[in-house]
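Structure first, then comments.
The values are calculated or read from the model by the stated rules, or taken from the named source; none is laboratory data. Just so we're clear, the structure is a prediction, and the values are computed from it rather than from any experiment. Reconstructed Cβ throughout: ideal geometry from the backbone, glycine too, with neighbour counts over all protein chains shown.
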Amino acid sequence: MKRTVLLIGLVLGWTTCALAQVDTGRDLSKYADDKFSEDDKYQVETPYQTVVVKQPKSKKIKNVIFMIGDGMSMEAVTVGWTLNGGHLNMDNCPVAGYSRTYCTDQLITDSCAGGTALSSGEKTKYGYIGQDVDGKPFFTLLHQAQSLGKKTGLVVTCRINDATPADFVCHSPDRHLEAEIAAQYVDSGVDYILGGGRQFWDQREDGRNLIQEMKARGYNFVEKREELADVHDGKLLALFAPLDMDPCLDRGPVLEDGTMKAIELLSKNNKKGFFLMVEGSQIDDWAHRNKVGYMAEELFDFDKTIGKVLQWAEKDGHTLVVITADHGTGGITLVGGSLEERNVKVHFSTKGHHGIVVPVFAYGPHAEDFQGIMENAELSNRIRKLIK
């Protein structure tokens, strides 16, 4: 009886504590209200149409588009492929490989260290953003592109000062220094910045309004996806949510529209080319929560964006597209389902990350350079050799 009372007390105490706190971090597993009947099952009634593109013949690279599915394991890709009836846009890529994701001090990486390896070509410590194990800032792929006179951009659906986008621009030993990381964007020179996290820009404890500072530097500023259509040239800052954006079925085609607007602006009157990083940020979030339906819809959102990018790259003929993940999340096992009926049943083994290799896909000039098994840092270095 005492044990029962104690257990009830612990549960009630934990519940009261949980309700009293608001979790705004993205490095922890989050929980959300169910919108699907069962979190380990999902069915797609109407699949989306995938594109068909041909590999360009040119070997000259002008632009690089680096697309990162946060937490997008090979298992998650397989779940998405099954649910869409055996078709994904990333299937168009003529070359595939695998990337190992461990960091210098842990076998199971986080997005900070995983993204830094992809941005810099060197592995670093767990939790480090854009800097080496000794705290020295990295010269990232984006910085290299800037040094060559190329335009640069970032498109994400999380807060723009979160791990993966910050890995390409900023430097920090701790992802929780979010206001400090956001401030580093002001003088970054990045031409196109789209994501969430507005509260770190205009509701700061230090009194600064980073949005106004960016406007003073000549940036256009928009707060809604619909406003993108009104921007036709120049630099752009787009912040669409106080923190992270809503799930994709609620937020609409932000990733697609934001990415294509980035390509439009970055390629306009530009002879030197551009470097663009696009992240499917919330695949990871819903794999953390072990909700296969939400995770699949985020993967579809990312893959639809890939389809639009590949169509543009086919017409351009001089754009390399590389697709990968910073790590896998959720430990998904596909234990049942049907291609014909487009349904799956899965088992999640963890609410955290795992250390299994993640997929690499490549399209465009020099796509063949990305086949085989490689370290995540080596993947970055292969891209670096091609940014000229």
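Checking each residue in region 218-264 for being farther than 25 Å from VAL186 by Cβ and of a type in the set (Lys, Arg) picks out only ARG251. In this structure, does LYS261 turn out to be among the basic types (Lys, Arg) and either in contact with a Phe, Trp or Tyr (Cβ under 7 Å, 6 or more places away or on another chain) or not in a helix (DSSP H, G or I) (or both)? For LYS261, the condition - among the basic types (Lys, Arg) and either in contact with a Phe, Trp or Tyr (Cβ under 7 Å, 6 or more places away or on another chain) or not in a helix (DSSP H, G or I) (or both) - is not met.
Residues of region 128-144 that are buried (at least 24 other Cβ atoms within 10 Å of the Cβ) and of a type in the set (S, T, N, Q): THR140 alone. In summary, GLY328 fulfils each of the numbered conditions (1) farther than 29 Å from TYR192 by Cβ; (2) in contact with a His (Cβ under 8 Å, 6 or more places away or on another chain); (3) small (Gly, Ala, Ser) with the single exception of condition (1).
Close contacts from region 358-379, counting a first residue that is more than 22 Å from GLY328 (Cα to Cα) and touching a residue at least 12 places away in the same chain (Cβ under 8 Å) and a second that is of a type in the set (Ser, Thr, Tyr) and surrounded by fewer than 17 Cβ atoms within 10 Å (Cβ to Cβ), with Cβ to Cβ under 6 Å and a gap of 6+ residues or different chains, come to PRO365/SER58.
Within region 213-241, the set of residues being surrounded by 13 or more Cβ atoms within 10 Å (Cβ to Cβ), within 17 Å of ALA183 (Cβ to Cβ) and of a type outside the set (Asp, Glu) comprises MET214, LYS215, TYR219, PHE221, LEU237, LEU239. Filtered by the rule that a residue be surrounded by fewer than 24 Cβ atoms within 10 Å (Cβ to Cβ), among the aliphatic types (A, V, I, L, M) and within 30 Å of PRO56 (Cβ to Cβ), region 93-127 gives VAL95, ALA96. Could you go through region 256-263 and let me know if any residue there is at pLDDT 95 or above, β-branched (Val, Ile, Thr), within 20 Å of the chain's Cα centre (by Cα) and under 29 Å from THR140 (Cα atoms). Yes, the conditions are met somewhere in region 256-263. In the set (1) assigned to a strand (DSSP E or B); (2) under 30 Å from ASP40 (Cβ atoms); (3) hydrophobic (A, V, I, L, M, F, W, C), LEU154 fails one condition alone, (2).
Could you grab me the full set of residues in region 181-212 that are buried (at least 17 other Cβ atoms within 10 Å of the Cβ), assigned to a helix (DSSP H, G or I) and not hydrophobic (A, V, I, L, M, F, W, C)? Answer for region 181-212, where residues must be buried (at least 17 other Cβ atoms within 10 Å of the Cβ), assigned to a helix (DSSP H, G or I) and not hydrophobic (A, V, I, L, M, F, W, C): just GLN199. When GLU256 is evaluated against the numbered criteria (1) within 23 Å of VAL309 (Cα to Cα); (2) in contact with a Phe, Trp or Tyr (Cβ under 9 Å, 6 or more places away or on another chain); (3) surrounded by 14 or more Cβ atoms within 10 Å (Cβ to Cβ), which criterion, by number, is the only one it fails? Status for GLU256: all satisfied but (2). Being among the aliphatic types (A, V, I, L, M), outside any strand (DSSP E or B) and out of contact with any Asp or Glu (no Cβ under 7 Å at 6 or more places or on another chain), is that true of even one residue in region 223-239? Yes, region 223-239 has at least one match. Among the residues of region 157-180, the one identified as of a type in the set (Lys, Arg) and outside any loop (DSSP other than H, G, I, E, B) is ARG159. GLN199 meets each of the listed conditions (1) under 16 Å from GLU223 (Cβ atoms); (2) touching a Phe, Trp or Tyr at 6+ places or on another chain (Cβ under 8 Å) apart from (2).
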